[in-house]
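Engineer: This is the structure, below, for whatever I ask next.
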Amino acid sequence: MAAKANNYEGIVRDIKAGRYAPVYYLMGDEAYYIDRISQYIVDSVLQPEARDFNLDVLYAGDVGMDAIVERARTYPMMAENRVVVVREAQGLRNLDLLEAYLKQPSPTTLLVFCHKNGKLDARRNVAKAIQQKGVLFESRKLYDRELPSFVKGYVERSGAQIEPKAVQMLCEHVGNDLNRLSAEIDKLLSGLLGERRVIDAGMVELLTGVSKDFNSFELVGALARKDVAVAFRIVRFFQGNPRSFSLPQTLSNIF
């Protein structure tokens, strides 16, 4: 049964249930979801011992669309499926060959394109063909206001909890680079000891180097208490660290 979802959670759910699409075109400015989906496909579809014969990782700068289609039409060996991953797909030419392939795609191949820092024009015939036969997924950068939910959800899926102040500190320190943000969270999760699996501000300060006293969480508290001295001290710290505490991000966090 072909997969139809075109959001991250839905795509992962379909793959987990064995509902595969013949083509996945993963595109956009956020590399995190592109990397996660492409790796999840490989890990879920192919057993480690089957990958030598049934996994091809190609780079668009090294091969043309004709060679990619030829690999996609190859039958799997001692396995039900094969996976062809095309990295740097933004450099591909002759996408009309992909459109032709999709008229009769191989039923045993999952063809995965990783197109970062850009996207296909949805008006093109090839984009419409991908949407009809497979999955066309756009991975967009998260807005600053969406980062706390990402952090909280990531931690909870790992069987732990995180305090609100710790969430705010992480978001301010890292920003919306989700690969780096998830790496920092993994570092914090690995530092949890005992039964109390809760990430607090002290852990974030210890393991990431960000201050627990100078952040938007503390600034909001100072403003609420009308503590002018503390508020100005935090603002002066922000002014001295503009790369970590930009004005738009700080205002977004406050409001």
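The values are calculated or read from the model by the stated rules, or taken from the named source; none is laboratory data. Being a predicted model, the structure only gives us computed values, none of them experimental. Here Cβ is always computed from backbone atoms with ideal geometry, including for glycine, and neighbour counts include all displayed protein chains. Only protein heavy atoms, including side chains, enter the accessible area calculation; ligands, DNA and RNA are left aside. Shrake-Rupley method; radii C 1.70, N 1.55, O 1.52, S 1.80 Å.
Engineer: What residues have an amide H closer than 5 Å to that of F113, excluding those fewer than 5 places away on the same chain, when H is modeled at 1.01 Å from N in the peptide plane?
Structural biologist: Close amide H contacts, sequence-distant or interchain: Y24, Y25, L26, V86.
Engineer: Which label belongs to the value computed from this structure, given these candidates for semi-axes √(5λ) of the Cα gyration tensor in Å: [x] 35, 20, 15; [y] 43, 20, 14; [z] 26, 23, 16?
Structural biologist: Recomputing semi-axes √(5λ) of the Cα gyration tensor in Å here gives the entry labelled [y].
Engineer: Next question. What are the ³J(HN,Hα) values, in whole Hz, obtained from phi via the Karplus relation 6.51 cos²θ - 1.76 cosθ + 1.60 with θ = phi - 60°, for each residue of region 28-42 in sequence order, with x given for Gly and Pro?
Structural biologist: x, 8, 9, 5, 3, 5, 4, 5, 5, 5, 4, 6, 5, 4, 4
Engineer: Collect residues whose amide H, placed 1.01 Å from N in the peptide plane, falls under 5 Å from the amide H of R82; neighbours closer than 5 in sequence don't count.
Structural biologist: T109, L110
Engineer: Mind checking the angle between helix 216-225 and the chain's longest principal axis? C-alpha axes, 0 to 90 degrees, to the nearest 10.
Structural biologist: Taking the Cα atoms of the chain, the angle to 216-225 is about 40 degrees.
Engineer: Run the accessible area of region 30-94 with a 1.4 Å probe and give the carbon-and-sulfur part as a rounded percent. Mind showing how you got there, number by number?
Structural biologist: Working: 1620 of 3530 Å².
Its accessible area is 46 percent carbon and sulfur atoms.
Engineer: Calculate one ³J(HN,Hα) per residue across region 185-199 by plugging θ = phi - 60° into the Karplus curve 6.51 cos²θ - 1.76 cosθ + 1.60, and present them in order as whole Hz with x for glycine and proline.
Structural biologist: Each residue of region 185-199 in turn: 5, 4, 5, 5, 5, 5, x, 6, 10, x, 7, 7, 8, 10, 8 Hz.
Engineer: Collect residues whose amide H, placed 1.01 Å from N in the peptide plane, falls under 5 Å from the amide H of Y20; neighbours closer than 5 in sequence don't count.
Structural biologist: Correct list: A3.
Engineer: Looking at the chain only, what percent of DSSP beta bridges run antiparallel? Nearest 5 please. Walk me through the numbers on the way to the answer.
Structural biologist: Working: 0 of 23 bridges.
Taking every DSSP beta bridge within the chain, about 0 percent pair in antiparallel fashion.
Engineer: According to a simple spin-label model (label point 7 Å from Cα along Cα-to-Cβ), what is the distance in nm between E9 and Q104?
Structural biologist: Result: 4.0 nm between the two label points.
Engineer: For region 21-162, what is the accessible area per residue in Å², given a 1.4 Å probe and the full set of protein chains? Mind showing how you got there, number by number?
Structural biologist: Working: 7290 Å² over 142 residues.
So region 21-162 comes to 51 Å² accessible per residue, rounded to a whole number.
Engineer: Starting at the first residue of region 17-26, write each ³J(HN,Hα) from the Karplus equation 6.51 cos²θ - 1.76 cosθ + 1.60 with θ = phi - 60°, in whole Hz, x for Gly and Pro.
Structural biologist: Once θ is set to phi - 60°, the couplings for region 17-26 become 7, x, 8, 9, 10, x, 9, 10, 10, 9 Hz.
Engineer: Which lysines have a Cα less than 16 Å from the Cα of K133, not counting those fewer than 8 places away in the same chain?
Structural biologist: K133 reaches K4, K103.
Engineer: Sticking with this one: Run the 1.4 Å probe and let me know the accessible area of E88, rounded to the nearest 10 Å².
Structural biologist: 100
Engineer: If you don't mind, another one. Excluding residues on the same chain fewer than 8 positions from K187, give the lysines whose Cα lies under 30 Å from its Cα.
Structural biologist: Correct list for K187: K16, K116, K141, K152, K165, K212.
Engineer: What residues from region 14-36 fall in the zone where the backbone N is under 12 Å from a label point 7 Å along the Cα-to-C-beta line of E80?
Structural biologist: Output list for this probe position: 16-20.
Engineer: To continue, here is another question. Suppose R0 equals 25 Å. What FRET efficiency, 1/(1 + (r/R0)^6) with r the Cβ-Cβ distance, do A160 and Y40 give to the nearest 0.05? Don't skip to the answer; put the middle values down first.
Structural biologist: Details: r = 21 Å, r/R0 = 0.85.
Efficiency, rounded to the nearest 0.05: 0.70.
Engineer: I've got another one for you. Cα centroids of region 143-195 and region 12-47: how far apart, whole angstrom?
Structural biologist: Between the Cα centres of region 143-195 and region 12-47 lies a distance of 23 Å.
Engineer: Per residue of the chain, what 222 nm ellipticity follows from adding -39500 (n - 2.57) for every DSSP H run with n ≥ 4, rounded to the nearest 500?
Structural biologist: Values: 13 runs with 125 residues, N = 255.
After summing the helix terms and dividing by the residues of the chain, the value is -14000 deg cm²/dmol.
Engineer: I would also like to ask the following. Taking the Cα-to-Cβ direction at N125 and at R233 and moving 7 Å from each Cα, how far apart do the two end points lie in nm?
Structural biologist: Using points 7 Å along Cα→Cβ, the separation is 6.8 nm.
Engineer: Can I ask one more? What does DSSP give for region 51-175 in terms of the percent of beta bridges that are antiparallel, rounded to the nearest 5? Write out the running numbers ahead of the final one.
Structural biologist: Working: 0 of 10 bridges.
Of all bridge pairs located within region 51-175, approximately 0 percent are antiparallel.
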